[in-house]
Amino acid sequence: MLKSVLALLLALLSTRVQANTLEILLLDNQGKPLSDAVLWVEPGPAQNQPTMALMDQQKRQFSPYILPVQVGTRVSFPNSDPINHHVYSFSPAKRFELRLHQQKAAPQEMRFDQPGLVTLGCNIHDWMLGFILVLDSPWFAQTDSQGKTRLHFDAAAGQTLHLWHPRIAAPQEAMNRSVASDSTLTWQLTSALKRDPRPKAPAMRPQGKGGYVP
Ligand SMILES: [Cu+2]
C-alpha cells in the first residue's frame, strides 16, 4: 500500500517538476544589452540550507552594485578599503546600519529574512549606492555585460518570470511574464531606461603617506 502511494507520488512529481534552463538575452528599447539586471522565477522552494553572500566595499563603492539573494541568506559586509564606511538601509525589507571599519576588521554579517528590495547607502560617502534584492526563490540570475544570462529552475504550473533593474522605469515591463517552455528568450524592453541612479565616485586624492581622503 505504502509502496504504491509512494510510486504514485513520485509519478506525480516527475510529471509536474521538470528541470529547465532558459537562455535569456535582455535588450533595452534601443536594442542595446542591459547588464546587471536580475531575472527570477517564482514561486520556488524555500531555502533548505543556509547560504552566504558578500557585499564588499571597494574603492568607495558597493561591490557588487546589485546583489540578488534568496530569503534567509546571510550577507557578509567586508570592507576592502583602507577607510571607514557607515552603511545604512531605510528599506522596509531590512532596516539597519553598520559601521565598517578599515580593512582587516572581521566582516559583519546579517540575515535577510524578508523578501523585497533593500537600498544601501553610506553616511560618509553620499554617492555610494547599492541594492540587495531579497527573493522568495532560489532561481535567479543576473545579466552579464552582453545582456545574457542562463536561468536554471524546476518548471511547474503557475510560475512567472520577473525582471528588475534600477534603470527600468515602467513597472509593467519588469513584472510578470508567464514562463513558457521555450529554452531561449530575447526580452526587449519597450520604454526608455531611466538615468543611471548611481552617482560617480569623486576621484580619490592621496593624503599623507598613502592614505585616502575619505
Ligand atoms: Cu562609505
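Since every read-out is calculated from the coordinates, none of them should be taken as a lab result. On a predicted model such as this, the values are computed, not experimentally measured, just so you know. For neighbour counting, all protein chains shown are included, and Cβ atoms are generated from backbone atoms with ideal geometry for every residue, glycine included.
Listed by chain and number, the aspartates and glutamates placed with their C-alpha closer than 18 angstrom to that of residue 94 are 56, 109, 113, 136; residues fewer than eight positions away on the same chain are left out. Taking 7 Å steps out from each Cα toward its Cβ at residue 47 and residue 144 produces label points 2.6 nm apart. Enumerate by residue number the trypsin sites (Lys or Arg not before Pro) in the range 115-170 meeting two conditions: DSSP loop (anything except H, G, I, E, B), and at most 16 other Cβ atoms within 10 Å of the site's Cβ. Of the trypsin sites (Lys or Arg not before Pro), the ones in loops of the range 115-170 whose Cβ has at most 16 other Cβ atoms within 10 Å are 167. In this structure, the amide hydrogen of residue 36, modeled 1.01 Å from its nitrogen in the peptide plane, lies closer than 5 angstrom to those of 143, 144, counting only residues at least 5 positions away or on a different chain. Modelled spin-label separation between residue 160 and residue 58, with each label point placed 7 Å from Cα along the Cα-to-Cβ direction: 3.5 nm. With both labels modelled 7 Å from their Cα along Cα-to-Cβ, the residue 201 to residue 25 distance reads 3.4 nm.
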